[in-house]
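The structure appears right after this line, and notes come after that.
The values are calculated or read from the model by the stated rules, or taken from the named source; none is laboratory data. From a predicted model like this one, the values you see are computed outputs, not experimental measurements. For neighbour counting, all protein chains shown are included, and Cβ atoms are generated from backbone atoms with ideal geometry for every residue, glycine included.
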Ligand SMILES: Nc1ncnc2c1ncn2[C@@H]1O[C@H](COP(=O)(O)OP(=O)(O)OP(=O)(O)O)[C@@H](O)[C@H]1O
Ligand SMILES: [Mg+2]
């Protein structure tokens, strides 16, 4: 909808400065400051209520911060909306809404259409392509109320793909999907990354974080750590992010590390 | 001839209400129609006092202003007062309605604005409420007003169809894409206000609520496509208007009441016989394959639950 300005040369895809966000005077993000690298798969990890969803929503302009700001390729969000896509948590929409799977995916194209303009043939082709990519082409005419949780997630992903953005923010795309869907989604994320897109994913499964992602951000009210998986996904940082609650969790990690559950980063 | 004008008025009112009502029902804000239809009362009263006439356009503007004020205050109260959406709506619209009642009763001697007429309408008198333009008889005034509002609604929905769709389905996505969601939101609320005031002058505040909520809810049970839902909602609004008129004629009762009853009758029929969601279809499906069917409908809960909106 908005004009898309050119990127500022050398600017990172996402930078966040001194960001503080609160709900009714209770801070949920405190002085968060970081830059994300381009073309990486980045996991955002932290306990429930750590502010992960809030961080993404604030960057997407859905929540106004108390202080601080964020930039997309060096420019304010309003100028760069076409460059970023957001995949919210699945529960945020009403899956009984009377639209078809194809309709929902086509909504991804609305970012590129100005007011009053209807989707064109080209937009419909891109939407169909996105559906094929997530393996849901034969569901195009289905009503969204007739989908399983994993299928809903794929539809959301297809919608984001149809947006054809350069930065993707995804809130728990792996939540409640089966193993084969998880593999499929991961493959798509890697394909995006291999095309130079920056993909930021809120992820809850600590056992798969290091195998799936290139970088990790540990968050709990404050930014605990951000960096490449090898140097950042450490027991100390996890302890800091999860606090005392992690005792059991860290044992799980210890265990899974021994059993080689945690794959080496970039093992592809 | 008067039969024709009454039915036409009812059909125009129900079509206008069904179109905007569909989006309210889908946004789970069906009762906003109720709130707005009451809260516009001070707007009408003030317009009435200022112009000292029953001129419709000042009334439309007054009603529109107070309709939007209702929506705005409800949202502010919800955010600031940390109240539930339905609670803040209840507070706002009853207060505004009460203010309207006070204004009317205070100046009752000066204005002949009848509370009875506002609540129950006077559709039976529509044929005699003529619009005389340049000495020419243009036909009943409510027909023109409702026709105008219906055109406005159609224009809004056709031109902003994709925006309305994404606004109703996934507001967060719409905001993140930079779609001017506030414009769409207040555009829709303005349309609801206009439709409400235009309709309730002839059919009364209670029927307005029925027309906004029930035909769209009926359509919702029968289809899973937004465009079909809009068309079906209009269809049931018109069907209720026509059959309601004859019901009133045969039973010698209130036309507005009979139309409201008919919207309920069609809803009941849809509830039982809908091939998508109907009780019978579900029973049948359960019998066909005990356990998991290929598709279990999304349930019959009436979608009037209020959600918190950003
Ligand atoms: N709309 C809201 N109003 C008030 N408080 C909120 C709201 N949304 C979130 N919070 C609070 O803000 C904090 C951060 O929430 P957020 O949803 O960002 O956490 P999260 O890291 O995404 O958690 P999860 O892993 O459970 O998804 C929580 O303590 C939550 O209770
Ligand atoms: Mg979350």
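Things worth noting here:
- Residue A:47, sole failed condition from (1) within 16 Å of ligand 1 (Cβ to nearest atom); (2) more than 14 Å from chain B (Cβ to nearest Cβ); (3) assigned to a loop (DSSP other than H, G, I, E, B); (4) on the phi > 0 side of the Ramachandran plot: (4)
- Condition check for residue A:35: surrounded by fewer than 20 Cβ atoms within 10 Å (Cβ to Cβ), more than 13 Å from ligand 1 (Cβ to nearest atom), part of a strand (DSSP E or B) and free of Cβ contacts under 8 Å to residues at least 24 places away in the same chain: yes
- Test: residue in segment A:84-94 that is away from ligand 2 (no atom under 16 Å from the Cβ) and either surrounded by 21 or more Cβ atoms within 10 Å (Cβ to Cβ) or over 28 Å from residue B:222 (Cα atoms) (or both): yes
- Qualifying residue in segment A:123-130 (condition: at negative phi and facing chain B (nearest Cβ under 10 Å)): no
- Scanning segment B:253-287 for residues that are surrounded by 15 or more Cβ atoms within 10 Å (Cβ to Cβ) and assigned to a loop (DSSP other than H, G, I, E, B) yields B:254, B:274, B:276, B:277, B:278.
- Residue in segment A:144-152 that is at pLDDT below 95, in a helix (DSSP H, G or I), touching a strand residue (DSSP E or B) at 6+ places or on another chain (Cβ under 8 Å) and more than 10 Å from chain B (Cβ to nearest Cβ) present: no
- Test: residue B:25 is within 14 Å of chain A (Cβ to nearest Cβ) and either in a helix (DSSP H, G or I) or out of contact with any strand residue (DSSP E or B) (no Cβ under 9 Å at 6 or more places or on another chain) (or both): yes
- Subset of segment A:50-67 (residues that are more than 9 Å from ligand 2 (Cβ to nearest atom), away from every other protein chain (no Cβ under 11 Å) and free of Cβ contacts under 8 Å to residues at least 60 places away in the same chain): A:58, A:65, A:66, A:67
- For segment A:50-66, the set of residues classified as over 17 Å from residue B:171 (Cβ atoms) and in a loop (DSSP other than H, G, I, E, B) consists of A:50, A:51, A:65, A:66, listed by residue number.
- In segment A:196-204 there is at least one residue that is modelled with pLDDT under 90 and within 22 Å of residue A:48 (Cα to Cα).
- Top-ranked residue of segment A:153-181 - restricted to ones that are crowded, with 24+ Cβ neighbours inside 10 Å, more than 14 Å from chain B (Cβ to nearest Cβ) and within 16 Å of ligand 1 (Cβ to nearest atom), ranked as farthest from residue A:62 (Cα to Cα): A:153
- All conditions in (1) more than 10 Å from chain B (Cβ to nearest Cβ); (2) in contact with a strand residue (DSSP E or B) (Cβ under 9 Å, 6 or more places away or on another chain) hold for residue A:133, with the sole exception of (2).
- Residue match in segment A:182-189 (condition: farther than 29 Å from residue A:63 by Cβ, more than 12 Å from chain B (Cβ to nearest Cβ), in a helix (DSSP H, G or I) and touching a residue at least 40 places away in the same chain (Cβ under 8 Å)): yes
- Taken over segment A:102-122, the criterion of being surrounded by 15 or more Cβ atoms within 10 Å (Cβ to Cβ), more than 8 Å from chain B (Cβ to nearest Cβ) and more than 23 Å from residue A:202 (Cα to Cα) is satisfied by A:102, A:106, A:109, A:112.
Table: residues versus (1) assigned to a loop (DSSP other than H, G, I, E, B); (2) at pLDDT 90 or above.
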site: A:85; (1), (2): no, yes
site: A:106; (1), (2): no, yes
site: A:111; (1), (2): no, no
site: A:114; (1), (2): yes, no
site: A:122; (1), (2): no, yes
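- Under the condition of being within 13 Å of chain B (Cβ to nearest Cβ) and either more than 16 Å from ligand 1 (Cβ to nearest atom) or under 18 Å from residue A:8 (Cβ atoms) (or both), the residues counted in segment A:71-89 number 11.
- Within segment B:61-88, the set of residues being within 22 Å of residue B:149 (Cα to Cα) and buried (at least 23 other Cβ atoms within 10 Å of the Cβ) comprises B:62, B:63, B:66, B:67, B:70, B:71.
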